[in-house]
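The next block holds one structure in the form of structure tokens; read it before the comments.
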Protein chains: 2
Amino acid sequence: MKRGARHPRLLQNLPSSLDEEQVEELLRTPTLRIERIVSTGQASAETCWYDQSEHEWAIVLSGRAKLRYEDEEGEVELGPGDAAFIPAHRRHRVAWTSPGEPTVWLALFWTEA
Amino acid sequence: MKRGARHPRLLQNLPSSLDEEQVEELLRTPTLRIERIVSTGQASAETCWYDQSEHEWAIVLSGRAKLRYEDEEGEVELGPGDAAFIPAHRRHRVAWTSPGEPTVWLALFWTEA
């Protein structure tokens, strides 16, 4: 198991502006990966759907975001404490993140069913 | 895989007072379990150390807590966004949680190394 810091502080040392989403791996095991993702107003390209081979469970720690699913009408808005379970290959995109502040996600990825 | 709500909101529907910690399972796979844990001022009994067969990675979403490890002097204080990776069998206790508010944890448990 790769070990990151024993006590990472996910809401500290946030970038104030970023050209791209910042992804930081916090922990990795053979089947589980934990990441901090920081975005500042980025959204997926309108024509781009994520189609991931891994299951994902993500929670917003600060900021706000809107998710879209290809198989569902409308958007799901997420604020602090709000999570999304996205099964592998459920096509989705981040339609919006709050432009005035960093949006910080904790995201888990794993492969087994 | 057991599927909980697709979009759980972990900082909503918080109990205002609790006699015991409240544990809610959010998702379970054969090797990974995701829980929300809410405590309102509880701490582990002073003589009791958790000695878990699973690895744990936990993050405070709201409130504050102090962790103690049997093999380490002092306490680790955690506030919102602060996480702790606790390997299996590292004996630890929750020395304190903020009494004036619910302390909400997101906790992951898994077994493989």
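The values are calculated or read from the model by the stated rules, or taken from the named source; none is laboratory data. Remember, predicted model here, so these are calculated numbers, not experimental data. Neighbour counts run over all protein chains shown; Cβ positions are idealised from the backbone, glycine included. Calculation scope for accessible area: heavy atoms of the full protein, side chains included, ligands and nucleic acids excluded. Shrake-Rupley method; radii C 1.70, N 1.55, O 1.52, S 1.80 Å.
Miscellaneous remarks
- Total accessible surface hidden between A and B, rounded to 100 Å², 1.4 Å probe: 3100
- The protein assembly as shown: Cα Rg divided by the 2.2 N^0.38 Å rule of thumb: 1.01
- Portion, in percent, of the accessible area of the stretch A:51-113 that falls on carbon or sulfur, probe 1.4 Å: 46
- Label distances, nm, A:Ala88 versus same residue in remaining copies, Cβ-directed 7 Å point: 2.3
- Relative contact order of chain B, pairs being alpha-carbon contacts under 8 Å that are 6 or more residues apart, as %: 34
- Legend: calculated FRET efficiency, A:Ala5 to A:Glu75, from the Cβ-Cβ distance at R0 = 35 Å, rounded to 0.05, equals 0.55.
- Largest-first ellipsoid semi-axes for chain A, taking √(5λ) over the Cα gyration tensor eigenvalues, angstrom: 21, 19, 11
- Computed from backbone phi with θ = phi - 60° and the Karplus coefficients 6.51, -1.76 and 1.60, the 3J(HN,Hα) list for the stretch B:67-82 is 9, 10, 10, 5, 8, 8, 6, x, 10, 10, 8, 10, x, x, x, 9 Hz; x is used for glycine and proline.
- Accessible-area rank, largest first, for A:His7, B:His55: A:His7, B:His55, with all protein chains present and a 1.4 angstrom probe.
- Electrostatic bookkeeping for B:Thr103 treats Lys and Arg as +1 and Asp and Glu as -1; over the other residues with beta carbon under 10 Å from its beta carbon, the sum is -1.
- Relative to the other identical copies, B:Gly74 shows label-point distances of 4.9 nm, where the label point lies 7 Å from Cα along the Cβ direction and values run shortest first.
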